[in-house]
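Encoded as structure tokens, the structure appears first; notes follow it.
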Amino acid sequence: MRPTGILGIGYAVPEEKLTNFDLEKMVDTSDEWITTRTGIKERRIAPRHEATSDWAVKAAEKALADAGVSPGEIDLLIVATATGDYQVPSTASIVQHRLGIPDTAAYDLGAGCSGFVYALDQAWHAVRSGGYNKALVIGADLLSRIVNWRDRSTCVLFGDGAGAVVVGETAPDYGVLATYLGSDGSGAESLIIPAGGSRKPFDEEALAAGEHYLRMTGNEVFKFAVRIMEDATREVLRRAGLTPDDIDLFVPHQANIRIIEAAAKRLGVEEDRIVVNVQRYGNTSAASIPIALGEAVEEGRLKEGHRIVAVGFGAGLTWGAAALRWGRGPAGGAP
Ligand code: UT7
């Protein structure tokens, strides 16, 4: 097995901000409620004419440039998304063509907000085993397209964005150290779009009932999230031979500040070791972890050699954690 990790990272978020005060004019809510219950102050919304692939491409171009890797070198492309451009074909195939990546394996991965960590795990296994050489992993979601803008219990929570990483060989002891993925389908209905699939094809009845929008039993997901963020982090650390004290930076899925703080407290990780940007972007689903990682690099908080844990949870219900030693290592890693 060859050491494999993240060679480059990029993210892209729309310019248009939707603030809590804007939402006060749209639904029966308040800045005070949203801030105290979630920590979110504003989120980004993509222009109407743009789709998830457009944002995936923007993030991917930055990640490729950061890695110094050309599209022609990519032999595996995974797009984690719950809001693909179409039901068919996959957004990955559209992104592949737009980026000029050769006719290689490209597919979408559906694990809700855990999608990026799932995709990173798949790319890590694929490259470290020698089956593939360089993978492009993208987490991209436009949640603004699937929330009901009249449902205050969901529309205040989400935002749009994309993040991407290039996965390839690193120096020994760098890159992904361990991963841990899981799913508990008994919670499938707590975060669901009821209509538009084979169970209930989209029709006039579904339209009238608003069943084509995202529905969530918020407090069920909340309880699950607090528990699983701690459990998944502890398990991935165990697999990596590390403890919470060894983590330089904890990069949790950005859904709710209360979930992040509760998990960090249980793990004994102090504020200065946690990446938080939920106040500016809301929950961007599969994009949230790569955006947080990208910002941490830009801000100089995440540096070569740092040991980090990225952990997410989402629809399924699913969870995923990855422990990494950041960077390529001495001499820029292997070719
Ligand atoms: O990536 C995974 C995606 N999902 C999540 O991460 C969601 C996890 N869950 C949560 O973050 C929280 O459960 C929420 C933020 C969604 C809700 O917070 P909560 O403390 O669990 O509130 P609640 O659902 O128990 O609702 C409390 C009250 C309700 O009113 P009543 O029934 O007590 O009168 C809601 O109707 O707050 C009301 N409410 C609102 N009020 C003002 C719900 N949404 C709003 C709103 N503004 N936007």
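Would you say residue 63 is away from the ligand (no atom under 16 Å from the Cβ) and either among the aliphatic types (A, V, I, L, M) or closer than 24 Å to residue 254 by Cβ (or both)? The answer is yes for residue 63. Entry remark, the range 156-184: residues being assigned to a loop (DSSP other than H, G, I, E, B) and acidic (Asp, Glu) number 2 in total.
Out of 289, 308, 274, I need the residue that is away from the ligand (no atom under 12 Å from the Cβ) and under 25 Å from residue 65 (Cβ atoms). Which one?
Values: 289 fails: away from the ligand (no atom under 12 Å from the Cβ); 274 fails: under 25 Å from residue 65 (Cβ atoms).
Sole residue among the options that is away from the ligand (no atom under 12 Å from the Cβ) and under 25 Å from residue 65 (Cβ atoms): 308.
Does the range 292-302 include one or more residues that are within 15 Å of the ligand (Cβ to nearest atom), within 24 Å of residue 80 (Cα to Cα) and not assigned by TED's automatic domain parsing to the domain that holds residue 159? It would help to see each step written out before you state the result.
Just the residues of the range 292-302 that are within 15 Å of the ligand (Cβ to nearest atom), to begin with: 292.
Pick out the ones that are also within 24 Å of residue 80 (Cα to Cα) and you get 292.
So of that shortlist, the ones also not assigned by TED's automatic domain parsing to the domain that holds residue 159 come out as 292.
Yes: the range 292-302 contains one or more residues that are within 15 Å of the ligand (Cβ to nearest atom), within 24 Å of residue 80 (Cα to Cα) and not assigned by TED's automatic domain parsing to the domain that holds residue 159.
Taking into account only those residues within the range 109-166 that are under 18 Å from residue 313 (Cβ atoms) and aromatic (Phe, Trp, Tyr), which is farthest from the ligand (Cβ to nearest atom)? Among those residues, the one meeting the criterion is 118.
Within the range 172-186, does at least one residue satisfy the condition of being more than 16 Å from the ligand (Cβ to nearest atom) and of a type in the set (Phe, Trp, Tyr)? So far as the range 172-186 goes, yes, one or more of its residues are more than 16 Å from the ligand (Cβ to nearest atom) and of a type in the set (Phe, Trp, Tyr). Restricting the search to helices (runs of 4 or more DSSP H) fully inside the range 223-335 and requiring at least 1 residues that are without any contact (Cβ under 8 Å) to a residue 40 or more places away in the chain and either surrounded by fewer than 17 Cβ atoms within 10 Å (Cβ to Cβ) or among the charged types (D, E, K, R) (or both) gives 257-267, 288-298.
At least 1 residues that are within 27 Å of residue 129 (Cβ to Cβ) in each: list the helices (runs of 4 or more DSSP H) lying fully within the range 1-118 that qualify. Walk me through how you get there before you give the answer.
Values: elements: 20-24, 31-38, 52-67, 91-99.
Counting at least 1 such residues, we get 52-67, 91-99.
Of all residues in the range 205-215, none are within 16 Å of the ligand (Cβ to nearest atom), within 30 Å of residue 95 (Cβ to Cβ) and either assigned to a helix (DSSP H, G or I) or assigned by TED's automatic domain parsing to the domain that holds residue 134 (or both).
Quick check on my filter: what residues within the range 238-273 are on the phi < 0 side of the Ramachandran plot and touching an Asp or Glu at 6+ places or on another chain (Cβ under 8 Å)?
Applying the first criterion (on the phi < 0 side of the Ramachandran plot) to the range 238-273 yields 238-240, 242-267, 269-273.
Selection gives 263, 264, 266, 267, 273.
The values are calculated or read from the model by the stated rules, or taken from the named source; none is laboratory data. Note that the structure is predicted; figures quoted are calculated from it, not measured. Note that we place each Cβ from the backbone using ideal geometry, even for glycine, and neighbour counts take in every protein chain shown.
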